[in-house]
Amino acid sequence: MIEFIRELYPICRSITGAGVRETLNLINRHIPLQIHEVPTGTRVLDWEIPMEWNIRDAWVKDSSGKKIIDFRQLNLHILNYSIPINAKMTLAELKPHLFTIPEKSSLIPYRTSYYAENWGFCISHDQLISLSEDTYEVVIDADLSPGHLTYGELLIKGRSQEEMLISTHICHPSLCNDNLSGIAVCTWLARWLSQNTPHYSYRFLFIPGTIGAITWLARNETNLSRIKYGLVTSLLGINSVFTYKRSRSGNARIDHIVEQVLSKQTVQYNIINFIPYGYDERQFCSPGFNLPVGNLTRIPFGEYPEYHTSADNFDLISEKALNDSLELFYKVIQQIEADRCYVNLYPKGEPQLGKRGIYDHIGGRNDSKTLQLALLWILNYSDGHHSLTEISELSGIELTKVIEASEMLLEKRLIIYMNNQ
Amino acid sequence: MIEFIRELYPICRSITGAGVRETLNLINRHIPLQIHEVPTGTRVLDWEIPMEWNIRDAWVKDSSGKKIIDFRQLNLHILNYSIPINAKMTLAELKPHLFTIPEKSSLIPYRTSYYAENWGFCISHDQLISLSEDTYEVVIDADLSPGHLTYGELLIKGRSQEEMLISTHICHPSLCNDNLSGIAVCTWLARWLSQNTPHYSYRFLFIPGTIGAITWLARNETNLSRIKYGLVTSLLGINSVFTYKRSRSGNARIDHIVEQVLSKQTVQYNIINFIPYGYDERQFCSPGFNLPVGNLTRIPFGEYPEYHTSADNFDLISEKALNDSLELFYKVIQQIEADRCYVNLYPKGEPQLGKRGIYDHIGGRNDSKTLQLALLWILNYSDGHHSLTEISELSGIELTKVIEASEMLLEKRLIIYMNNQ
Amino acid sequence: MIEFIRELYPICRSITGAGVRETLNLINRHIPLQIHEVPTGTRVLDWEIPMEWNIRDAWVKDSSGKKIIDFRQLNLHILNYSIPINAKMTLAELKPHLFTIPEKSSLIPYRTSYYAENWGFCISHDQLISLSEDTYEVVIDADLSPGHLTYGELLIKGRSQEEMLISTHICHPSLCNDNLSGIAVCTWLARWLSQNTPHYSYRFLFIPGTIGAITWLARNETNLSRIKYGLVTSLLGINSVFTYKRSRSGNARIDHIVEQVLSKQTVQYNIINFIPYGYDERQFCSPGFNLPVGNLTRIPFGEYPEYHTSADNFDLISEKALNDSLELFYKVIQQIEADRCYVNLYPKGEPQLGKRGIYDHIGGRNDSKTLQLALLWILNYSDGHHSLTEISELSGIELTKVIEASEMLLEKRLIIYMNNQ
């Protein structure tokens, strides 16, 4: 995954524009992404698709003609979504357009101004202090003009139309942990799922933050009831604690499942309640949608010093951390796959298993085998309200045996699958 | 408040009669009370308004003509609601009509006989023992005749028609803590509320115990659904523990609010579950009404030695205790005022705050201000089920900031008030 | 009860046949049982009534003509439901038809083959080892032919049509604890209940395991909603711990009641959650019926070494253990009888008790009697959702006083009985 991130790192992404398209095309080499283009001006919920932003070059030169800030060196230098400019100005005129982090004076911040027209540059505070009175030439060769918002989507169809939604943002430029680690893990996870026929369907979204989620929600409003589980993810590249932020209800199946998977990990983890800021769970969990969507990351946004700075680079992330994150997602999905409910078609009394050849004939003994017991447990609790996982927990019979027994009962047409709620 | 109690103390109150009217007139000097008169014989629920009782004088003289019991010295001496009598009798004939407290031999009890015709005197047990064989002249100059039951009511209208009910009994004669302390605190509280425009409406009842509550309920049965909160109160003059008795449901909003306010007090307090005896919560919480009404007192009825005796006088109560009680009610009402729910009019995704001028334009930073966060919390949880108080608790943002943010959102028409359930 | 068990012990019972009829006839001497005969071939839920099995004699003789296995000595020797045979064979041919318990080598097991045609003998493992090569004469003089399934039922009518179901299995041959102890205790319990007019109705089932319960359920499907409480029982003769296995819901009234009664016992007890194997609670608690039926035994099936062996005999059980079990059932039924809900006919405000002669006339005192309080508690909580037991628990007033007060209120027509849910 690190190699994939190396390909993605140099691209100057934003919420719209060529950087997003290039990113989606690179993902598309691994998984068959459907790419959507939504025109500028389209109404999406309370919002509107903004002008598309494309940047070719940007710099600040001092009076000697030396580029003292150069977009081509690091695309974080540009205030993301800056309008074009070509002007000479004094330091005093330039300064309000220079963004720094005084308390981390050597790092270059990542700043944006999507919805208020502005231009600017992001530099280290050390550099800011070193600037002398001079006449500066400021050039931003960018367009902010009608175009499209672009996002990628992949539906992996399972036997059931019920879906798990997995969403990651793709709008940040050269930042490794936030958001390239999320893009890489989601791509690898989608590829793995594509190679199987899962029970549930899985929908992956690679979208610009906020406006991307709002756009997808606006265009898919009538199908949201299919979403039974959801995770927003990113920040998966640092070898640290895992953090699960619950869905708004705090009591969704995804919450129980992720918490159960995490509780069996050897690595430390934190569980936090829903809060209405963070990533796109803000939109999925807005009260009018209230989807069962949690947020799974490692150390959360804003809680590591390199967050949204030039230090979120390859020194920060590791292949091992990415792999461990991917492994955790595998386990979550295995649990989700077992979180399905059957309905006993012979719910009145026990069906006669003997005549169907799946029961022990000599009675009176006290050594019923585990598989025999698993049949009885599934029959009794397949009322549409108990998943195989829950039956495994109730009975103390390991999940693999429960799944095996469920297959016997399915084959004998004693149970059928039903959508669970 | 002590001065007000001094005015009220000498009046011989009962469940009907001149004492009640005089009491309500004194309250009326402070707040604009509506005074209701309900005729004798009126059916009220399973009851009937009794004859009105008025007393002018009462005494017992010994054979030497000396008044050994004199109503004018202390109106507790009369068995409240005694029928008239003018007779001579032996000590043996008199004794069944003398009420004492043997275990508190120096105190005069307070006794009543509202619904069974009787006459009697209440004296100290010491005096009873000292009485010698003699011929006694017994005079009770009282009327028990068709008239009215009288009670006072004050509605302070808020922006919402939803009401809080605050009820105190006014039927006890010269007893300071029970019930004059309740009358004084409720009067002061109503006066304070009248000077504001609260969110909720507040209804104060100054009523005779039991029959007063039953009368008010019978006459207001169709409007009871407006009552969202209620407290029966009295016993507020002793500088002791506070006691909250929960509503019948035990889980009403008033229960949570009072318990929360008490938990932040420095003074000790007790919380007890609903029991179907005590004060007029018995009636408000009868199963056919089951109103969300709790009972807030200091040390409860029957649990202090002076209860319903001549020792419930000015030695027992203090201005400080009355003031502290009033302060507690102020806090309860502030919490009730914040216990209101809004509905987000843009519940699908986040509304775009930036275009409404209430969002920070430079993105990417991690120092969102509290007020910005409060906007998001209110928008996400304004689903008609979370009050401002609950949003404050969920978010950890102080209530005043939440209220400030709610006003911004109201002004921008992003939320509207709804009646909460 | 031991004497009754001595009468029942020699009978060779099975799920059908003469042994069942003889058993029911013996029970019928104590209680007026209704005996049902259901023909072979009748469809019952997913099952079918099997052929009726009757056995007259069975033996194995060695070549010297000596009976080495003799059904008449102990009816456990026959594999229950063996088909007839009359043949000579070698030891190697005989051996697959000999059932033993290697790890309890001196005991004879109890084995059955109801639904797969087979024949066999049960002997001690010691005997099996001692058998030498020989020609054996094998005779089973039995019929497996169209007939009936037989079960007994007794309904003791109470004032309410709501029922408690008490079911015990009667299909085991000479085994004292499993199932003769259950038959004896249920017979004695039914006799005691018949001598009273209980509030609830009580239905006793004496049925063959599994197929008997399935047959009864199939024939009574439309009346199952009358069952408010139920217990499957057996294993009551060993002086050991009591074991209560909860109903499938785990939260039925029967669960609370039995757990409460057990918690007041001095003897140890265990509570276990529902599991879908064991006795006929498997059928009553199948998801399509989901009846509020628990299972009450002493040490459970399979957990004592004599279980389903020749050692489950008179050495194992005692009259004291049987009597203590019966006493426990008495207590459970007393609690069930008190688990009834009334409805206050004057639910708005308190009804005026004084005018009905059931209230104390002198007011103002603080020594209300328990019975007076019980009246108020019942009136307030008789909303159809609180039983007398619950009112006793809520109020802290002992149940006998609550029942006494309920009778006063019933007589004054202030409350009426309603079916509780």
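Structure values in brief
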quantity	calculated
Residue check for C:R43: within 30 Å of A:K412 (Cβ to Cβ), of a type outside the set (A, V, I, L, M, F, W, C) and surrounded by fewer than 18 Cβ atoms within 10 Å (Cβ to Cβ)	yes
Filter pass, C:F284 being of a type outside the set (D, E) and within 14 Å of another protein chain (Cβ to nearest Cβ)	yes
Hits in segment A:125-158 - residues which are in contact (Cβ under 8 Å) with a residue 60 or more places away in the chain and outside any strand (DSSP E or B)	A:L131, A:D134, A:P146, A:G147
Where C:T135 falls short, out of the listed (1) in contact with a Ser or Thr (Cβ under 8 Å, 6 or more places away or on another chain); (2) open to solvent by less than 30 Å² (accessible area, probe 1.4 Å); (3) of a type in the set (V, I, T)	(2)
All positions within segment A:237-260 that are out of contact with any Phe, Trp or Tyr (no Cβ under 9 Å at 6 or more places or on another chain) and either open to solvent by less than 60 Å² (accessible area, probe 1.4 Å) or within 14 Å of chain B (Cβ to nearest Cβ) (or both)	A:G237, A:Q260
Residue satisfying condition, being open to solvent by 20 Å² or more (accessible area, probe 1.4 Å), without any contact (Cβ under 8 Å) to a residue 12 or more places away in the chain and farther than 19 Å from C:P10 by Cβ, within set C:E93, C:E117	C:E93
Members of segment C:144-155 that are closer than 25 Å to C:N196 by Cα and buried (at least 22 other Cβ atoms within 10 Å of the Cβ)	C:Y151, C:G152, C:L154
Options B:P146, B:P173; residue that is over 21 Å from B:E327 (Cα atoms) and either touching a Cys at 6+ places or on another chain (Cβ under 6 Å) or among the aliphatic types (A, V, I, L, M) (or both)	B:P173
Any pair with Cβ under 6 angstrom, 6 or more apart, that starts in segment A:259-278 at a residue that is farther than 21 Å from A:N239 by Cα and ends at one that is buried (at least 17 other Cβ atoms within 10 Å of the Cβ)	A:N273/A:R246; A:F274/A:R246; A:F274/A:R248; A:P276/A:R282; A:P276/B:L376; A:P276/B:W377; A:P276/B:N380; A:Y277/B:L376
Set A:P146, A:P208: member being touching a strand residue (DSSP E or B) at 6+ places or on another chain (Cβ under 8 Å), within 14 Å of chain B (Cβ to nearest Cβ), more than 21 Å from A:F242 (Cβ to Cβ) and not hydroxyl-bearing (S, T, Y)	A:P208
Qualifying residue in segment B:156-176 (condition: open to solvent by less than 10 Å² (accessible area, probe 1.4 Å), modelled with pLDDT under 95, of a type outside the set (G, A, S) and under 13 Å from B:T23 (Cβ atoms))	no
Qualifying residue in segment C:242-252 (condition: under 21 Å from C:H199 (Cα atoms) and touching a Pro at 6+ places or on another chain (Cβ under 9 Å))	yes
Test: residue in segment A:165-187 that is more than 30 Å from A:M51 (Cβ to Cβ) and in a helix (DSSP H, G or I)	yes
Filter pass, B:E3 being within 19 Å of B:L180 (Cα to Cα), free of Cβ contacts under 8 Å to residues at least 12 places away in the same chain, open to solvent by 30 Å² or more (accessible area, probe 1.4 Å) and among the acidic types (D, E)	yes
Residue within segment C:217-224 that is within 14 Å of chain A (Cβ to nearest Cβ), crowded, with 22+ Cβ neighbours inside 10 Å, within 19 Å of C:H36 (Cα to Cα) and of a type in the set (S, T, Y) present	no
Pick from segment C:240-271, criterion of a type in the set (S, T, N, Q) and more than 20 Å from C:C285 (Cβ to Cβ), ranking: modelled with the lowest pLDDT	C:T266
Residue in segment B:133-156 that is among the acidic types (D, E) and in contact with a Lys or Arg (Cβ under 6 Å, 6 or more places away or on another chain) present	yes
Residue ID - nearest to the other protein chains (Cβ to nearest Cβ), chosen from residues in segment C:93-111 that are over 19 Å from C:I140 (Cβ atoms) and among the aliphatic types (A, V, I, L, M)	C:I101
Pairs where the first residue, in segment B:345-359, is of a type in the set (F, W, Y) and the second is surrounded by 17 or more Cβ atoms within 10 Å (Cβ to Cβ) and modelled with pLDDT under 95, C-beta under 6 Å, 6+ apart	B:Y359/B:L353
Test result for C:V232, surrounded by 21 or more Cβ atoms within 10 Å (Cβ to Cβ), closer than 28 Å to C:Y110 by Cα, away from chain A (no Cβ under 11 Å) and in contact (Cβ under 8 Å) with a residue 40 or more places away in the chain	yes
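The values are calculated or read from the model by the stated rules, or taken from the named source; none is laboratory data. Since the model is a prediction, treat every value here as computed from it, not as a measurement. Glycine also receives a Cβ, built like all others from the backbone with ideal geometry; neighbour counts cover every protein chain displayed. Each accessible area value is taken on the protein alone, full model and side chains, heavy atoms only, with ligands, DNA and RNA left out. Shrake-Rupley method; radii C 1.70, N 1.55, O 1.52, S 1.80 Å.
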